[in-house]
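Trainee: My structure is below; once you've seen it, I'll send some questions.
The values are calculated or read from the model by the stated rules, or taken from the named source; none is laboratory data. In this text the structure is predicted, and so the values were computed from the model without any measurement. Using ideal geometry, Cβ is built from the backbone for each residue, glycine included, and neighbour counts are taken over all protein chains shown.
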Amino acid sequence: MDLRGRTHLDPAGPYKRDPPAPHALTERCTSTADLIVLCHFGVPRVDRGSWSLRIEGLVHHPTTLTFDELLRYPRTEITAVHQCSGSPFDPAVPTRRVGTATWAGARLADVLADCRPMPQARYIWSYGADGGTFAGAAVDSYCKDLPLSRVDADVLLCYEVNGEDLPAEHGFPVRLLIPGFYGTNSVKWLTTITLADRRAPGPFTAQWYQDPPAAGSEDPHPVWSLAPESLIVAPAAGQSLHRDAEVAIWGWAWADGGVSQVDVGIGGSWHAAEVEGCRGWQWQRFSTAWTPSQPGTVEVAARATSSLGQVQPTSGHRNAVHSVMVDVRDEEPWT
């Protein structure tokens, strides 16, 4: 079914809604209204009653599912970080457009089990109902891919967020949800899944959202897994602090597979913070206490290390260290 060809876009054209600044991300679960929204072509308005999902390619039993048929699969609920990877034209610039939400839907693994993937299938290509021209590239549908081996890691055919139907801008009626991957891979307004033996062609897989080859490799690296990252919620940038008064420094850290350590830097001196254990696909809270001893402007930074030993870089990458400048004063901060 070519759903895109008869789907109204409202708004039409690129559409973005940024989440709150880091100091406002005080809740473990982010409200739906505060989650990052980025739509390359606009927001399709899809009728749930006429929606269907086609699963084809290297499967023994191609199938087409209606929404009611999808609901027959067991409902799975997960809480996971949802993060924008940044601009495909400036991928090394951090944006920290991030939140955490509770998502629900059918496990893609359960659906694919009924389709029986062929042995040579290695990748999943997913297509959305959105399409058009973006940065000079014309496509019939937004298309991304992921390794078939990733499917067992809680990948969802998602139809709810935070206990409600997906809003239109988040992919109503059904989107892909890949916990541990950047949000660009979780295709919204999902219409087709194709199993293949190679990566998907197209600008959103072969041209953009590709990092330079790693040392010793000639192949670019897909922007898939969440790199280790952290942000400081408190103190806020520019906040006035009182000398000799204890300050709670805290924030959130995350990575695909979890974070094992967070270090906090104060004026260039680093020490380990307390960090809660891995909570599935959620972000992890870190905290430490600091008592400023001298007045002046001080830089406070946070640096995460993933469970695989990857360390958040200081600069030059989308997951570069987040820091804030605070003002330590002799007088009370409210005077």
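Trainee: Is it fair to say Trp290 is under 26 Å from Thr30 (Cβ atoms) and either within 28 Å of the chain's Cα centre (by Cα) or not polar (S, T, N, Q) (or both)? Can you show your working first?
Mentor: Values: under 26 Å from Thr30 (Cβ atoms): no; either within 28 Å of the chain's Cα centre (by Cα) or not polar (S, T, N, Q) (or both): yes.
Taking the combined requirement at face value, the residue does not satisfy it.
Trainee: So which of Ser307, Ser293, Ser315 is among the hydroxyl-bearing types (Ser, Thr, Tyr) and in contact with a strand residue (DSSP E or B) (Cβ under 6 Å, 6 or more places away or on another chain)?
Mentor: Values: Ser293 fails: in contact with a strand residue (DSSP E or B) (Cβ under 6 Å, 6 or more places away or on another chain); Ser315 fails: in contact with a strand residue (DSSP E or B) (Cβ under 6 Å, 6 or more places away or on another chain).
After ruling out the rest, the residue left standing is Ser307.
Trainee: Being within 25 Å of Val93 (Cβ to Cβ), modelled with pLDDT of 95 or more, surrounded by 14 or more Cβ atoms within 10 Å (Cβ to Cβ) and among the aliphatic types (A, V, I, L, M) narrows it down to one of Val328, Val300, so name that one.
Mentor: Val300
Trainee: Continuing with the same structure: Pick from the stretch 6-44 the residues that are assigned to a loop (DSSP other than H, G, I, E, B) and touching a helix residue (DSSP H, G or I) at 6+ places or on another chain (Cβ under 6 Å): which of them is surrounded by the fewest Cβ atoms within 10 Å (Cβ to Cβ)?
Mentor: So the residue we want is Pro20.
Trainee: Within the stretch 81-129, can you find the residues that are charged (D, E, K, R) and within 24 Å of Ser31 (Cβ to Cβ)?
Mentor: To start, the set of residues in the stretch 81-129 that are charged (D, E, K, R) comprises 90, 96-97, 107, 110, 114, 116, 122.
Selection gives Arg96, Arg97.
Trainee: Would you mind stating whether Thr205 is polar (S, T, N, Q) and surrounded by 22 or more Cβ atoms within 10 Å (Cβ to Cβ)? Before the answer, list the steps.
Mentor: Numbers: polar (S, T, N, Q): yes; surrounded by 22 or more Cβ atoms within 10 Å (Cβ to Cβ): no.
Judged against the criteria, Thr205 is not a match.
Trainee: If I ask for residues that are of a type in the set (Gly, Ala, Ser) and either in a strand (DSSP E or B) or assigned by TED's automatic domain parsing to the domain that holds Thr95 (or both), which ones from the stretch 280-335 would you list?
Mentor: Ser287, Ala289, Gly296, Ala301, Ala302, Ala304, Ser306, Ser323
Trainee: When both residues are 6+ apart or on different chains and their Cβ atoms are under 6 Å apart, which pairs have a first residue that lies in the stretch 133-156 and is under 22 Å from Asp256 (Cα atoms), and a second that is among the charged types (D, E, K, R) and surrounded by fewer than 20 Cβ atoms within 10 Å (Cβ to Cβ)?
Mentor: Matching pairs, first to second residue: Asp145/Arg199; Leu148/Arg122.
Trainee: What tally of residues in the stretch 160-198 results from selecting those that are within 11 Å of the chain's Cα centre (by Cα) and within 21 Å of Asp18 (Cβ to Cβ)? Walk me through it before giving the result.
Mentor: Looking only at the stretch 160-198, we keep the residues that are within 11 Å of the chain's Cα centre (by Cα), and these are 177-186.
Add one more test, that the residue is within 21 Å of Asp18 (Cβ to Cβ), and what stays is 177, 181-186.
Here the count works out to 7.
Trainee: Going by the structure shown, is Val59 in contact with a Pro (Cβ under 6 Å, 6 or more places away or on another chain) and among the hydrophobic types (A, V, I, L, M, F, W, C)?
Mentor: Answer is yes for this residue.
Trainee: Could you say whether any residue in the stretch 45-56 is crowded, with 19+ Cβ neighbours inside 10 Å, of a type outside the set (Phe, Trp, Tyr), assigned to a loop (DSSP other than H, G, I, E, B) and at pLDDT 95 or above?
Mentor: Within the stretch 45-56 (the criterion being crowded, with 19+ Cβ neighbours inside 10 Å, of a type outside the set (Phe, Trp, Tyr), assigned to a loop (DSSP other than H, G, I, E, B) and at pLDDT 95 or above), the answer is yes, since at least one residue qualifies.
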